[in-house]
Amino acid sequence: MVDFSLKGKVALITGASYGIGFAIAKGMASAGATIVFNDIKQELVDKGLAAYKEAGIEAHGYVCDVTDEAAVAELVKKVTEEVGHINILVNNAGIIMRIPMCDMTAAQFRKVIDIDLNGPFIMSKAVIPDMIEQGGGKIINICSMMSELGRETVSAYAAAKGGLKMLTRNIASEYGKYNIQCNGIGPGYIATPQTAPLRERQPDGSRHPFDQFIIAKTPAERWGEAEDLAGPAVFLASPASDFVNGHILYVDGGILAYIGKQPGND
Ligand code: NAP
Ligand code: GCO
């Protein structure tokens, strides 16, 4: 009997008031997990709690900036006391700045690296000691197409997500002996607030050029939905993946496998 159940597990998903994190949390709740999430603003946490409640999920929400090591230590302490030992960590919180590299300030570059790469380091470092005490755990890092590919204007984001792929592999290597599995999910292009600028209708009502580009690059000929990531996340959080470690599971509709549709081949 393959065990995909998360019953009795506490899952902490960062930045999960909405978007991909929220969809992953709903999926994990449906598999039996207790959901804990954080966001950087109380009003976002409140919005998230209301959304979870509407979905029938009694989630636990906390305000915490994943780049603030002291705040993260306090978060993990409070969650462990108030909810229980953290069995599953999903490093989902992230930002992107779409700026040509030579126009980007070092401060802007650092901010993206700080949230998208240092944040998962800080969060993972905070939960691993107790996972070791508890006999194991699961860490899932939300990587990206940009863990493998580059494109104009996303240098900081690609550097962060490429680093996150290797941080994933290193955590797997260093802590696998404690029955901790650390894997990544590499979403393709997903319809969330983060990609809304890439999907905006043009003044003439036509699709955004980038929207058309992604449809041509995706064998599934559609943008992903956040819900497309829930099943892969439940798999990587469950006992069914106990021998999967250091793997980046791309959930991209086939983008990475496909050279792209030849123009005129509709
Ligand atoms: P999103 O809609 O922008 O949501 C990101 C979440 O992270 C927001 O709730 C945001 O809160 C939170 N956050 C930002 N900085 C934070 C910090 N310092 N501490 C705690 N929370 C913070 O993004 P998304 O599209 O759902 O993406 C979620 C993850 O998937 C990100 O890591 C992203 O890079 C990755 N991803 C997205 C796609 C895609 O196509 N959408 C594809 C591949 C990978 P605020 O609202 O307050 O900023
Ligand atoms: C972009 C997009 C992508 C997606 C995602 C793809 O500007 O190219 O925002 O980076 O967010 O990371 O996997």
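Assorted remarks:
- Residues of segment 140-164 that are under 20 Å from A11 (Cβ atoms) and either modelled with pLDDT under 95 or outside any helix (DSSP H, G or I) (or both): I140, N141, I142, C143.
- Within segment 173-200, residues that are farther than 16 Å from N91 by Cβ and touching a residue at least 24 places away in the same chain (Cβ under 8 Å) reach partners that are away from ligand 1 (no atom under 15 Å from the Cβ) and among the basic types (K, R) with beta carbons closer than 9 Å, at six or more positions or on different chains, in the pairs R199/R207.
- Where helices (runs of 4 or more DSSP H) fall wholly inside segment 1-89, the ranges with 1 or more residues that are closer than 17 Å to P239 by Cα are 19-30.
Residue by residue, here is whether (1) in a loop (DSSP other than H, G, I, E, B); (2) within 15 Å of the chain's Cα centre (by Cα) holds:
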site: I99; (1), (2): yes, no
site: S124; (1), (2): no, yes
site: D130; (1), (2): no, no
site: G135; (1), (2): yes, no
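- Residues being in a helix (DSSP H, G or I) and among the charged types (D, E, K, R) - total across segment 165-217: 6
- Looking only at segment 36-52, and only at residues there that are out of contact with any strand residue (DSSP E or B) (no Cβ under 6 Å at 6 or more places or on another chain) and of a type outside the set (D, E), the one that is farthest from ligand 2 (Cβ to nearest atom): A50
Listed here are the residues, each with its yes/no results for (1) within 18 Å of the chain's Cα centre (by Cα); (2) hydroxyl-bearing (S, T, Y); (3) crowded, with 22+ Cβ neighbours inside 10 Å.
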residue: D3; (1), (2), (3): no, no, no
residue: A16; (1), (2), (3): yes, no, yes
residue: A25; (1), (2), (3): yes, no, yes
residue: I35; (1), (2), (3): yes, no, yes
residue: D39; (1), (2), (3): yes, no, yes
residue: L44; (1), (2), (3): yes, no, no
residue: A50; (1), (2), (3): no, no, no
residue: E54; (1), (2), (3): no, no, no
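The values are calculated or read from the model by the stated rules, or taken from the named source; none is laboratory data. All values derive from a computational prediction rather than experimental measurement. Ideal geometry is used to build each Cβ from the backbone, glycine not excepted, and the neighbour counts take in all protein chains shown.
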